[in-house]
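Worksheet: one structure, shown below.
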Amino acid sequence: MDFPIELLINAIIAGILLGGFYIAVTVGISISFGMLDIVNIAHPAFIILGSYLVYIVNSTFGIDPVLVGILMLPVFYVLGAAVYQVYYLSFEKRGQEALRGLAFFFGILFITEVGLILVFGVDYRYAEAPYIGPALRFAFVDLPYRMLIPCVISLLLLAALQLYFSRTFIGRAIKAVSQDQQALALMAANPIKIKRIAFGISIATAALAGAFLVIIQPVEPSVGREYIGRVFAICVLGGLGSLPGTVVGAMLLGVVESITATFYGPSWAPAVAFGFLLLTLAFRPAGLLGR
Amino acid sequence: MRSRVFLIVSIVAALLVLALTQAVANNYLFFAGYVVLQFVVLATAWNILGGYCGYVNFGSAAFFALGAYTSVFFHKTYQIPIPFLMLIGGIVSGIVGLGMGYLTLRLRGSFFAIATLALAVVLQTLIINWDYVGGSRGAYVIRPNTIQVLGMAIPYIEYLFLLMLLLAVAAIVTARVIERSRLGYGFATIRDDELAAEAAGVPTLRLKLIATTISGALMGMAGAPFPYYIGYLEPSSAFGLAYAVNAIAMPMIGGTSTWIGPLIGALLLGTIQQVATVTISSAVNLLIVGVLLVAFVIIAPNGLVGLVQQRLRAKEQR
């Protein structure tokens, strides 16, 4: 039998598109875990929350899911800032973030998931938009719009964030707080305020990621759990706190998962992320593009 | 209290519990009691690593399910009595815990937590794809109605209850022995300041690996009789998030620094959940656990035990 080269190329391209979506999912963790050292394991729960809000608005008013995601950015920013304030007062200030801070986020993850189950049940929900069905076709390569659009917007989002972190004062301050909080305080910038802004941004990205998720696949409350392993694998693989690293990690995981799903069946795909995570932790804990 | 005295006291307490159940003679009590005792074991096991060393394990469900699926495997190949299954399940989970710990415990603490979270997802994927133990369809484990123990025929559920009671006593005694030993003091130094402990010559990695192995093994042992209890095991019930969240919430709510915290937390939350499942719904009782967990870590970081200690200290000062 010939090696199915067309299938392989399609799998790789589908993987790159999937990787683009993973960028949006992971970039929030790259900021909170990579830069602020806050192990926000509840991030996927915020993404699912975003998906459900998009679903509600989309199914009642018929507004485009991506547009809803963008409109929700400020709402999620405020939510993130509020969560950080609670986290700071309850754990960081008392120096208990290692054990109790983790338990706190785990509790939030759990409450969100069970809360959504209580309100919406475990049925799959999906959004509607004109671009969810059709696909671009070049020769034998399929580019479904529902994958292409999230991928392109994710890349734009990442580019915007990269500019923000390297050009603006607050962006640079966020990078500074990840390196030396005390030095930043000596420069007369309030590290807590900077971290609050950064965490707000990190949760805001979850709104957009949630909109993409509900475009790409039907969503039910426990879907978020599958993403926990993925986001941290990507984040660690790329190198903590490095946005270009996030792109590399996300694309790599997307391609490998897509190839695995194509040739061995989709039920094996979740194991890939974990394999990556363990291998990275064992051989290069600093990640591919890490310092 | 000396450890030997403590052992005797715990056995007497267990016998009292047993006598009480005999007096009531209601089968439901054994079903509910089994679950509560199972949580006592899980909470105590979690606390050996989480409470004593300060390393968070989110994968309790994975270790529990490993034990349960080891039993299913042996049920299909060569049937052996449950006490031996518990031993084997403990060994399997202990080894997995050791391996996980070896890969991740040399790094920052949060990596271990993340890896345990991912472990649950991956093990579930493996089980779903492994047809021999039922795959995603699940596996039936038919248990006999009665079993001969010491020449007496007792109902099977009572037998399972008895085993879990013994395991709970064993887990609590282990936790208390560790707490008072050199090992326990070593664990405490890791929790309080790992860098300083390392500098003072405490072999931190070795101690952390010991804690992970013991903790994982106890969780596996708690999972081993589970297929016989439930009768039908499927991946989503064995890997349920409820185990992971309860194993964390119970010690956190009871208090993490001593053996009694997880015990109080497990008895309290376990009983509340049994009541809530019957009277309200099982989704609501999980919500209660989640809300209590968040409330306690924010308001009472040292749990119920911490609250009582605070009260006592305030009284002394007056």
Taking all pairs of distinct alpha-carbon atoms in segment A:11-150, Kirkwood radius in angstrom:
17.2 Å
If I model segment B:99-171 as equal point scatterers sitting on the Cα atoms and use the Debye formula, what is log10 I(q)/I(0) at q = 0.22 Å⁻¹?
-0.93
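Let me know the volume per residue of the alpha-carbon convex hull for segment A:49-122, in Å³. Mind dumping the intermediate values first?
Numbers: hull volume 7.0 nm³, N = 74.
For segment A:49-122, the hull spanned by Cα atoms encloses 94 Å³ per residue.
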Partner aspartates and glutamates for A:LYS195 [C-alpha distance under 15 Å; skip if fewer than 8 residues away on the same chain]
A:ASP37, A:GLU92, A:GLU97, A:ASP180
Counting only Cα, what are the radius of gyration and maximum Cα-Cα distance Dmax of segment B:92-219, in Å?
19.6, 58
Give, in whole angstrom and from largest to smallest, the semi-axes √(5λ) of the equivalent ellipsoid of segment A:5-283, with λ running over the eigenvalues of the Cα gyration tensor.
30, 21, 19
Nonlocal amide H pairs with B:THR146, under 5 Å, H built at 1.01 Å:
B:TYR156
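Per the Kirkwood formula on distinct C-alpha pairs, the Rh of segment A:222-291 is how many angstrom?
Working: mean 1/r = 0.0835 Å⁻¹.
Over segment A:222-291, the inverse of the mean reciprocal pair distance is 12.0 Å.
Taking each residue in A:273-281, count the Cβ atoms of any other chain within 10 Å of its Cβ, then average. What number comes out?
Working: counts 4, 9, 2, 1, 9, 8, 1, 1, 8.
Taking the mean over all residues of the peptide, I get 5.
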Counting sequence-distant residues (5 or more places) and residues on other chains, those with an amide H built under 5 Å from that of B:ALA139 are B:LEU233, B:GLU234
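Taking a quarter of the surface of the convex hull around the Cα atoms of segment B:16-62, what do you get in nm²? Can you show the working numbers first?
Details: hull surface 16.6 nm².
Averaged projected area of segment B:16-62's Cα convex hull equals 4.1 nm².
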The protein assembly as shown, Cα convex hull volume normalised per residue, Å³
183 Å³
May I ask for the equivalent-ellipsoid semi-axes of segment B:3-317, computed as the square root of five times each C-alpha gyration tensor eigenvalue and listed largest first in whole Å?
30, 24, 19
Can you tell me the Rg and the Dmax, both Å, for the Cα atoms in segment A:114-188?
21.1, 60
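Read the figures in this text as sums done on the coordinates, not as results from a lab. This is a predicted model, so every value here is computed, not measured. Positions of Cβ are generated from backbone atoms using ideal geometry, with glycine treated the same way; all protein chains shown enter the neighbour counts.
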